[in-house]
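Chemist: Have a look at this one.
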Amino acid sequence: MTSSVSDRLAAAGMALPVPTAALGAYVPAVRTGDLVFTSGQVPVRDGALIATGNVGAGVDADTAGECARQCALNALGAAATVCDLDSVVRVVKLVGYVASAPDFSGQPGVIDAASQVMAVAFGETGRHAREAVGVAALPLRAPVELSVVLELG
């Protein structure tokens, strides 16, 4: 790939946000050796959550997908505080949590939206291992939270 991560995201109508302040005694991302681990990211855009509540009970799957995309962008923004995203050689893992109504089972589809952001940003090296987990509740009543592990070259 010859263009930068920022250029590829911009071509798809996306941009890296400025990371939001941590909600507690932690940092947005940590680099150790050639790995970067992000803290869990919720779908904050322009200082506010995109949505609140549980998917399948007040939050529809399309809105949840939009939340997952924003979480992925927020995770990349957090990672950019400790590394140059253009030096990423592999998205190793993406872990996504979906606050779900008891009968909602579409967590993989929701988290696919975040996986697609990684594909746009990094192409083939954006393919990753993944977990899509349904949970009862998330911080701030966010419908989605996710974190990523990146490998640097």
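What follows is calculated from the coordinates using simple rules that are stated; it is not laboratory data. All figures in this text were calculated on a predicted structure; none of them were measured in a lab. FYI the Cβ positions are ideal-geometry reconstructions off the backbone, even for glycines, and counts take in every protein chain you see.
Chemist: Pull out the extension gain between residue 18 and residue 57, defined as 0.36 nm times the separation in residues minus the alpha carbon to alpha carbon distance; nm, one decimal.
Modeler: Result: 11.0 nm gained on full extension.
Chemist: Could you pull the Rg and Dmax for segment 5-152, using just the Cα atoms, both in Å?
Modeler: 14.1, 42
Chemist: Calculate the dipole size of the chain relative to its Cα centre from +1 charges on Lys and Arg beta carbons and -1 charges on Asp and Glu beta carbons; express the result in debye to the nearest 20.
Modeler: Working: 9 positive and 14 negative charges, 38 e Å.
For the chain, the charge dipole is close to 180 debye.
Chemist: What FRET efficiency comes out for the pair residue 48/residue 6, r = Cβ-Cβ distance, R0 = 30 Å, nearest 0.05? Present the calculation step by step, with values, prior to reporting the outcome.
Modeler: Values: r = 23 Å, r/R0 = 0.78.
About 0.80, to the nearest 0.05.
Chemist: What angle, in degrees between 0 and 90 and rounded to the nearest 10, separates the Cα long axis of helix 107-122 from the longest principal axis of the Cα atoms of the chain?
Modeler: Compared with the principal axis, the helix lies near 20 degrees.
Chemist: Give me 62, 34 ranked fewest to most by other Cβ atoms within 10 Å of their Cβ, as a rough exposure proxy. Kindly include the intermediate steps, with their values, before the conclusion.
Modeler: Working: 62 10, 34 13.
Fewest-to-most ranking of 62, 34: 62, 34.
Chemist: With a ≥ b ≥ c the root eigenvalues of the C-alpha gyration tensor of segment 63-105, is it rounded (a/c under 1.5), prolate (a/b larger than b/c) or oblate?
Modeler: Values: a/c = 3.51, a/b = 2.40, b/c = 1.46.
It is prolate, given that a/c is not under 1.5 and a/b is the larger ratio.
Chemist: Can I ask one more? For segment 71-82, in order, what is each residue's ³J(HN,Hα) by Karplus, 6.51 cos²θ - 1.76 cosθ + 1.60 with θ = phi - 60°, in whole Hz (x at glycine and Pro)?
Modeler: The phi angles translate into 4, 5, 5, 5, 5, 5, x, 5, 4, 5, 6, 10 Hz.
Chemist: Right, here's the next one. Can you sort 151, 124, 145 so the residue with the fewest Cβ neighbours within 10 Å comes first? Don't jump to the answer; show the numbers that get you there.
Modeler: Details: 151 16, 124 8, 145 25.
Neighbour counts put them in this order, fewest first: 124, 151, 145.
Chemist: If you don't mind, another one. Give the share of C-alpha pairs in each 10 angstrom bin for segment 87-141, from 0 to the last occupied bin, in whole percents, shortest bins first.
Modeler: For segment 87-141, the pair-distance distribution reads 25, 44, 24, 6, 0.
Chemist: Further question on the same structure: Sort 43-51, 114-122 by packing, meaning the average of other beta carbons within 10 Å per residue, with the highest value first.
Modeler: Numbers: 43-51: 15.6, 114-122: 21.4.
By packing density, highest mean first, the sequence is 114-122, 43-51.
Chemist: Before anything else, pin down the relative contact order of the chain: Cα pairs under 8 Å, at least 6 apart, normalised by residue count, whole percent.
Modeler: Relative contact order for the chain comes out at 33 percent.
Chemist: For segment 22-68, rounded, prolate or oblate, judged on the Cα gyration tensor with a ≥ b ≥ c (square roots of eigenvalues), a/c < 1.5 rounded, else prolate if a/b > b/c?
Modeler: Working: a/c = 3.00, a/b = 2.14, b/c = 1.40.
Note, shape of segment 22-68 comes out prolate.
Chemist: With each run of n ≥ 4 DSSP H residues scored as -39500 (n - 2.57), what mean residue ellipticity at 222 nm is computed for the chain after dividing by its residue count and rounding to the nearest 500 deg cm²/dmol?
Modeler: -9000 deg cm²/dmol
Chemist: If you build a Gaussian network model of the chain, linking Cα atoms that sit under 10 Å apart, which residue out of 30, 110, 98 swings the most?
Modeler: 30
Chemist: Along the Cα→Cβ direction, 7 angstrom out, place labels at residue 116 and residue 26. What is the inter-label distance in nm?
Modeler: Each label point lies 7 Å from its Cα, and together they span 2.7 nm.
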